[in-house]
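To start, the structure itself, in structure tokens.
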Amino acid sequence: MIEWLKEHETVLTLLGLFSAGSMVLALFFTPWALSMISADHFVSDQRKGSRSGRSFGRWLILGLRNLLGVTFVFVGVVLLALPGQGVLTIFAGVIIMSFPGKRSLELWLVRLPFVLKSVNWIRSRRGRGPLQLPGLPASPTNIE
């Protein structure tokens, strides 16, 4: 085992740096991303136009977004075995991707009491109002 570690010291160092870098990026970008979500994101209808009328450029962007999301999910799975933000990276990948049932998955996740309370706490620290969810009052009391 010691010999294997010595033989792969460079790879392990790079993985450690990648892991530390992803953790630092997550600490800075997660609060920013959560504050950029509009408070009524989950109660307003976000669907725009017909999906059948997409141009080539929109299909290309959709494909690139999904590729980036899959990459994040893969990196997140790798980070589960390394010190770093594996679960957070997987969630970021899922959020970036576009797939059937995504909105239901997001609603289920954000309705978890710990998640909702944490998200709204981060949003309040950045001067943003709490997220409004279908079936919940549009006040800070929905975080308890």
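Values quoted throughout were computed directly from the atomic coordinates according to the rules given, and no laboratory measurement underlies them. This one's a predicted model, so the numbers in the text were calculated from it and none came from an experiment. Virtual Cβ from ideal backbone geometry, glycine too; neighbours counted across all protein chains shown.
What the table below lists for this structure:
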| item | result |
| --- | --- |
| Among residues of segment 11-32, those that are of a type in the set (Ser, Thr, Tyr) and either over 17 Å from Leu80 (Cβ atoms) or in contact with a strand residue (DSSP E or B) (Cβ under 9 Å, 6 or more places away or on another chain) (or both), counted | 2 |
| Filtered residue count, segment 57-111, keeping only those that are more than 20 Å from Ala20 (Cα to Cα) and of a type in the set (S, T, N, Q) | 3 |
| Residues located in segment 96-105, provided they are crowded, with 16+ Cβ neighbours inside 10 Å and not in a loop (DSSP other than H, G, I, E, B) | Ile96 |
